[in-house]
Amino acid sequence: MLVILAFIILFHIISGILLFISTINNAWWVVSSGANVIYTDLWYSCNITCIPVKNSASTEAAYLQAVQATMILATILCCVGFFVFILQLFRLKQGERFVFTAIIQLLSALCVLIGASIYTAEREGFTEESLRKGAYGSSYVLAWVSFPMTLLSGLMYLVLRKRK
């Protein structure tokens, strides 16, 4: 039981770290042309200097704002879920434990799924014409990797709730 509990804690922490990195890092979209590499994240396009993503504050890019909100919400939910897990570990009776933590983790996974899916579907709408010939970056990949990790973490909390 302790080994499973330690594994779930480690899994939860790793998924939280991946969410932080994918949300904060500036490599959702990468365009390289020779020696010039431009990294675009959810807020800025950076080369030597950083400029805001075109029309990111307008209603035309509401889907970019949705991606920003869902990724931030997923990261916050993952962190809150960990603290709730620690509280539930010591406060509740067995059988009642981890249900709320599982729900929070599953909501976090849903937010990541929504955010990464919107970015995948609408990527060309908020990148400039010169940036459209790039490729998905490491932060985008980390977002998709963090989705199954948070989903499995939430499901493991549900399974752990029933174990003695």
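For this structure, a couple of remarks:
Residue-by-condition table, conditions (1) open to solvent by 60 Å² or more (accessible area, probe 1.4 Å); (2) hydroxyl-bearing (Ser, Thr, Tyr); (3) on the phi > 0 side of the Ramachandran plot:
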| site | (1), (2), (3) |
| --- | --- |
| 23 | no, yes, no |
| 30 | no, no, no |
| 51 | yes, no, no |
| 89 | no, no, no |
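- Within the range 34-49, considering residues that are touching a residue at least 24 places away in the same chain (Cβ under 8 Å) and not in a loop (DSSP other than H, G, I, E, B), the one farthest from residue 136 (Cα to Cα): 45
- Some residue of the range 44-52 being touching a Leu at 6+ places or on another chain (Cβ under 9 Å), of a type outside the set (Gly, Ala, Ser) and within 23 Å of residue 71 (Cα to Cα): no
- Contacts under 6 angstrom Cβ, first residue in the range 81-94 being over 19 Å from residue 107 (Cα atoms), partner modelled with pLDDT of 80 or more and surrounded by fewer than 19 Cβ atoms within 10 Å (Cβ to Cβ), 6 or more apart: none
- Qualifying position, being crowded, with 22+ Cβ neighbours inside 10 Å, in contact (Cβ under 8 Å) with a residue 12 or more places away in the chain, among the aliphatic types (A, V, I, L, M) and in a helix (DSSP H, G or I), among 74, 61: 74
- Meets criteria (hydroxyl-bearing (Ser, Thr, Tyr), within 24 Å of residue 107 (Cβ to Cβ) and either in contact with a helix residue (DSSP H, G or I) (Cβ under 6 Å, 6 or more places away or on another chain) or open to solvent by 40 Å² or more (accessible area, probe 1.4 Å) (or both)) for residue 15: yes
The values are calculated or read from the model by the stated rules, or taken from the named source; none is laboratory data. No experiment lies behind these values; they were computed from the predicted model shown. A quick note on method: Cβ atoms are made from the backbone with ideal geometry, for glycine too, and the neighbour counts reach across all protein chains shown. Heavy atoms of the whole protein, side chains included, go into the accessibility calculation; ligands, DNA and RNA do not. Shrake-Rupley method; radii C 1.70, N 1.55, O 1.52, S 1.80 Å.
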